[in-house]
Each structure stands twice: as structure tokens, then as C-alpha cells.
Amino acid sequence: MHIPEVTAPTIAIAGTTDRFPVRRIFCVGQNYADHAREMGSDPDRQEPFFFSKPADAVVTNGSTLPFPPQTEDLHHEVELVVALSTGGKDVAVEDATAMIFGAGVGIDLTRRDLQAAAKKIGRPWDMAKGFDRSAPIAALTPGVPATSGSIALTVDGETRQSGDLSMMIWSVPEIIATLSTFVELAPGDLIFTGTPAGVGPIQRGQTVRATIEGFEPLEVTLTA
């Protein structure tokens, strides 16, 4: 019987030929007040909630993606993605920054119609978030990300999302600390930290460009 060889997904590291190995991908939901409002939620400072994507959902910057199956309402969500170089559980907020390897620009692709249908009947929405090629990520910049700076996304040059990292409800160290009470974090883990308002549909053939001040821009195109 042949045992398959499985290679861990990796992400480019800015300024080097090295690659960052991806272990797991976690995402925090509704971490910007304006996005919480547009999704019909209360933006007050409640405990953050999390969902996940498979590691091999990572997509290389500049890729052309097949339009995903089982949806006619694919949405974009630009996010700061934090990569961890160390792990731990029940991490104190003041210790969380030391766990960060670097950060980069990501897009949380979402099959919004599947998510809405699952929410309506109280079912999990894993297939709305954790599908193939649902996590495009640009090269990681080593170091701790700034707490402020513009974050934006365009579709075919039209601005859809525009905000600032300072608008996060929960800071990056707070997100790491809270997540570590649910799972033991480890080197290679990625955390998508939430998106500002303006999420919306992407059509076949369109190009999505996501930017965060100080990081390599991310661009992907959906096949026609």
C-alpha cells in the first residue's frame, strides 16, 4: 500500500527566498464595528468568535482562481493576517506579541449564500468559509504589525472596502490571547484578524486587489 507524501503549504516571506510553513488557519469574526453593523450584529465589545480554514486553502499572490463551486454569491473580505513563530495556551495579552513572526495581507473569500442558508437553519457554515483556495495571502513581512494604517480592497479598480487597522475592536495581542484559551497555538498558525465594512460580491473575470499600509499588496483574479 502506498503512503502518500503530504507537503505543508507555505507562504512567501518578503525580502527573502524563504517560505513560511502553514500549520492551521484561524479567523476572527466581525472585528470591525462597521462590518459588524453591516452584517446585522451589535458592534459592542463582546468576546471575539472564531472559525477556521484548512491550511491548503492558501493561495499565492498573483494567482488566477477558478470560480468556486456551489455558490453564486462569492464575497471578498480584506484582512490583516498574523503568522505565529511560537505557540502556547492560556497566553497572557502582554506575552502575545512575542509569539508573532510577521504579518501580511489576506482575503477571506466567503460563499455568502451558503453562509446565509446555514445561519438560517442553525447549521455550521464551514463550507461557506473553509473551501478550496479560500485564503489568498501575500508575502509576510517579519515583525510585529502596526496598530494603525490603511486597509483597503478594490474590485477592477473600484474601491469596495476602506478602513484603518486602528478600527479593530480587539487588538492583535487580545485576539491571540483569547484564541489560546480555546486551542493550544503552535508555530505555523495563521490568524485572519477581521475585515472592515464594504464586503460584497465578486463576479467571474474580476480582479481583486487588497492593500494594507506597509505590506506587499495582494492581487487575485477569478476566471471568466
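The values are calculated or read from the model by the stated rules, or taken from the named source; none is laboratory data. Everything numeric in this text was worked out from a predicted model, so none of it was measured. A quick note on method: Cβ atoms are made from the backbone with ideal geometry, for glycine too, and the neighbour counts reach across all protein chains shown. Ligands, DNA and RNA are stripped out before the accessible areas are found, and what is left, the full protein with its side chains, is counted by its heavy atoms. Shrake-Rupley method; radii C 1.70, N 1.55, O 1.52, S 1.80 Å.
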Carbon plus sulfur, as percent of the 1.4 Å-probe accessible area of the stretch 79-198, comes to 54 percent
Residue-wise, which Karplus ³J(HN,Hα) couplings in Hz belong to the stretch 177-189, taking 6.51 cos²θ - 1.76 cosθ + 1.60, θ = phi - 60°, and x for glycine or proline? 4, 5, 4, 5, 7, 9, 9, 7, 6, 8, x, x, 6
Of the beta bridges DSSP finds with both residues in the chain, what % are antiparallel, to the nearest 5? 80 percent
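Mean separation of Cα pairs under 8 Å and 6+ residues apart, divided by the residue count of the chain: what relative contact order is that in percent?
31 percent
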The answer for the net charge of residues other than GLY130 whose Cβ lies under 13 angstrom from its Cβ, with Lys and Arg +1 and Asp and Glu -1, is +1
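Could you give the length gained by full extension between GLN46 and LYS120, i.e. 0.36 nm per residue of separation minus their alpha carbon distance, to one decimal place?
Between GLN46 and LYS120, full extension yields an extra 24.5 nm.
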Where a Cα-Cα gap under 18 Å defines reach, which lysines qualify for LYS120, not counting those fewer than 8 residues away within the same chain? LYS129
Where labels lie 7 Å past Cα in the beta-carbon direction, separation of ASP73 and GLU213 in nm: 3.4 nm
What does the charge add up to near ALA57, with Lys and Arg as +1, Asp and Glu as -1, over the other residues with Cβ less than 15 Å from its Cβ? -1
If we count every other residue with Cβ under 14 angstrom of ILE25's Cβ, Lys/Arg +1 and Asp/Glu -1, where does the sum land? -2
Find the relative contact order for the stretch 58-140 and round it to a whole percent, using C-alpha pairs within less than 8 Å whose residues are 6+ positions apart. 40 percent
What does a probe at THR86 reach in the stretch 164-205, counting residues whose amide N is under 13 Å from the point 7 Å along Cα→Cβ? 186-187
Under a 1.4 angstrom probe, counting protein chains only, how are TRP170, TRP125 ranked by accessible area, largest first? TRP125, TRP170
Length gained if ARG133 through ARG23 is fully extended, taking 0.36 nm per residue and subtracting the Cα-Cα distance, is 38.0 nm
Over the chain, average the accessible area per residue using a 1.4 Å probe and give it in Å², no decimals. 47 Å²
On a full-extension model of 0.36 nm per residue, what is the gain between ARG204 and ALA14, subtracting their alpha-carbon distance, rounded to one decimal in nm? 65.4 nm
